[in-house]
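Asks: Pasting in a structure now, in structure tokens, and then I'll have a few things to ask.
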Amino acid sequence: MRRRSLSILLNAGILIFSGVAAGQEMESEPAANAQQQKSYSAMTPQQRAAATRAFLGLGPPPDKAAAALGEPLFQRDCAFCHGPRGRGATAPSLITSGVVLDDIRGDHLVSFLKKGRPDKGMPAFATVSSDQLTNIAEFLHLQVEEVANRGAYHVLNIVVGNAAQGHAYVSAHCESCHSMASFAHFAGRFRSPDQLQRAWIWPARSSDPALAITATVRLPNGSTLTGRVTQVSDFRITVIDREGQTHAIDRTAGVQVEMHDPLAAHQTMIMSLTNGAMHDVTAYLETMR
């Protein structure tokens, strides 16, 4: 059932995400989410891959040796229609195929491939041995793994920028909000440069209450409410005030809402941030570790 759900998620182009809508990050359980994120980031790559695999219900890890044997067979017999990595060509993608996602070690795919689907233009592979078909199945499972399991991604060295140019970028774009002294040892808070890069581009709100989105709501009677935004739409806004009270206000005529987003400058920066500047800033911050 979970593997079938994965097919739906893959088809929708969605894997693991944080809810973000119209610039809002709303977390119903921020403390629990922060702890989960911290634990995940502290894992080794192998542990992250296993955790993601269990969460998505991907089944056993692909047999990479078998997949290596199956790849040339797939290229010879299947790539013309399904593409070299099974992502689709004249025939559909196999990455989101229910037959592939439901298969374990060829238990479904071998018999399926031997019969084929002649009525839909897919030939039968009756003369191909079961072992070879199992290797093709493992090759396909490896393609699903590479698409679906972010925990298995291998991050290459990203400290490739010019630190001096990164310093200049920070001086020109960041000093209106941050003092240069605040960047001292900033990189030391993060285990790896890729985590550092994500953090300076878009800091995690859950780890710093000062980054929470707040709003001042002026009601038709002239009174105002100020608090942390937990939900917002064109029709309603919900805020939590300093006393911890929740207020849900319908955005009817006469209700005025003024939003305050501490990360607004980061949103603006992202729209013009080039890859070169991103790598330069990361290289500069790494020198401050």
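Asks: Mind giving me the nanometre distance, one decimal, between the label points for ILE104 and ILE158, set 7 Å out from Cα along Cα→Cβ?
Replies: Simple spin-label model gives 3.6 nm for this pair.
Asks: Additional query: Hey, what do the phi angles of segment 262-272 turn into as Karplus ³J(HN,Hα) couplings, whole Hz, using 6.51/-1.76/1.60 and θ = phi - 60°, x for Gly and Pro?
Replies: So the Karplus estimates, Gly and Pro as x, are x, 9, 4, 5, 5, 4, 5, 4, 4, 5, 10 Hz.
Asks: Tell me, what is the FRET efficiency for ASP194 and ALA265 to the nearest 0.05, using R0 = 30 angstrom and their Cβ-Cβ distance as r?
Replies: On the way: r = 22 Å, r/R0 = 0.75.
For ASP194 and ALA265, the calculated efficiency is 0.85.
Asks: Please list, or write none, the aspartates and glutamates whose alpha carbon is within less than 14 Å of the alpha carbon of LYS64, excluding same-chain residues fewer than 8 places away.
Replies: GLU138, GLU145, GLU146
Asks: To continue, here is another question. Scan segment 119-180 for chymotrypsin sites (Phe, Trp or Tyr not before Pro) in coil per DSSP, keeping those whose Cβ has at most 14 other Cβ atoms within 10 Å, and list them by number.
Replies: Counting only loop positions with at most 14 other Cβ atoms within 10 Å, the chymotrypsin sites (Phe, Trp or Tyr not before Pro) in segment 119-180 are TYR153.
Asks: In segment 140-242, which trypsin sites (Lys or Arg not before Pro) are in a loop and have at most 15 other Cβ atoms within 10 Å, using DSSP for the loop call? Please report the intermediate quantities before stating the final value.
Replies: Details: sites: ARG150, ARG189, ARG191, ARG198, ARG205, ARG218, ARG228, ARG236, ARG242; in loops: ARG191, ARG242.
Passing both the DSSP loop test and the Cβ count: ARG191, ARG242.
Asks: Of the GluC sites (Glu not before Pro) in segment 192-289, which ones lie in a loop per DSSP and count no more than 16 other C-beta atoms within 10 Å? If you can, show how the numbers build up before the last one.
Replies: Numbers: sites: GLU243, GLU258, GLU286; in loops: GLU243.
Sparse-neighbourhood loop GluC sites (Glu not before Pro): GLU243.
Asks: Same structure, new question: Would you mind counting up the charge near VAL257? Only other residues with Cβ under 13 Å from its Cβ, with Lys and Arg at +1 and Asp and Glu at -1.
Replies: Around VAL257, the surrounding residues sum to -1.
Asks: Among SER233, HIS260, SER207, whose Cα projects farthest towards the positive end of the dipole of segment 168-289, with charges put on the beta-carbon of Lys, Arg (+1) and Asp, Glu (-1)?
Replies: It is SER207, whose Cα lies furthest towards the positive end.
Asks: In what sequence do ILE95, ILE270, ILE249, ILE136 fall when counting other Cβ within 10 Å, fewest first?
Replies: The fewest-first ordering by Cβ neighbours comes to ILE270, ILE249, ILE95, ILE136.
Asks: By how many nm would the segment from SER176 to LYS115 lengthen if fully extended, with 0.36 nm per residue of separation less the alpha-carbon distance?
Replies: Numbers: separation 61, 0.36 × 61 = 21.96 nm, distance 6.69 nm.
So the extension gain works out to 15.3 nm.
Asks: Quick one: Kirkwood hydrodynamic radius for segment 214-260, alpha-carbon pairs, angstrom, one decimal? Could you put the intermediate results ahead of the total?
Replies: Values: mean 1/r = 0.0962 Å⁻¹.
When all Cα pairs of segment 214-260 are included, the Kirkwood radius is 10.4 Å.
Asks: If the cut-off is 14 Å between C-alpha atoms, which aspartates and glutamates fall inside it for LYS114, apart from same-chain ones fewer than 8 positions away?
Replies: ASP77, ASP131
Asks: While we're on this one: For MET122, what residues show an amide H to amide H distance below 5 Å, using hydrogens built from the backbone and excluding near sequence neighbours?
Replies: Distant-sequence amide H within range of MET122: ARG117.
Asks: Report relative contact order for segment 214-260 in percent, whole number only (criteria: Cα-Cα under 8 Å, sequence separation at least 6).
Replies: RCO, segment 214-260: 40 percent.
Asks: For a quick check: sort MET271, MET43 by the number of other beta carbons within 10 angstrom, fewest at the front.
Replies: Working: MET271 6, MET43 14.
By the 10 Å Cβ count, ascending, the order reads MET271, MET43.
Rule-based calculations on the coordinates, nothing more; no lab input. Every value quoted in this text rests on a predicted model; they were computed, and no experiment measured them. With ideal geometry, Cβ positions are generated from the backbone for all residues, glycine too; neighbour counts draw on all protein chains shown.
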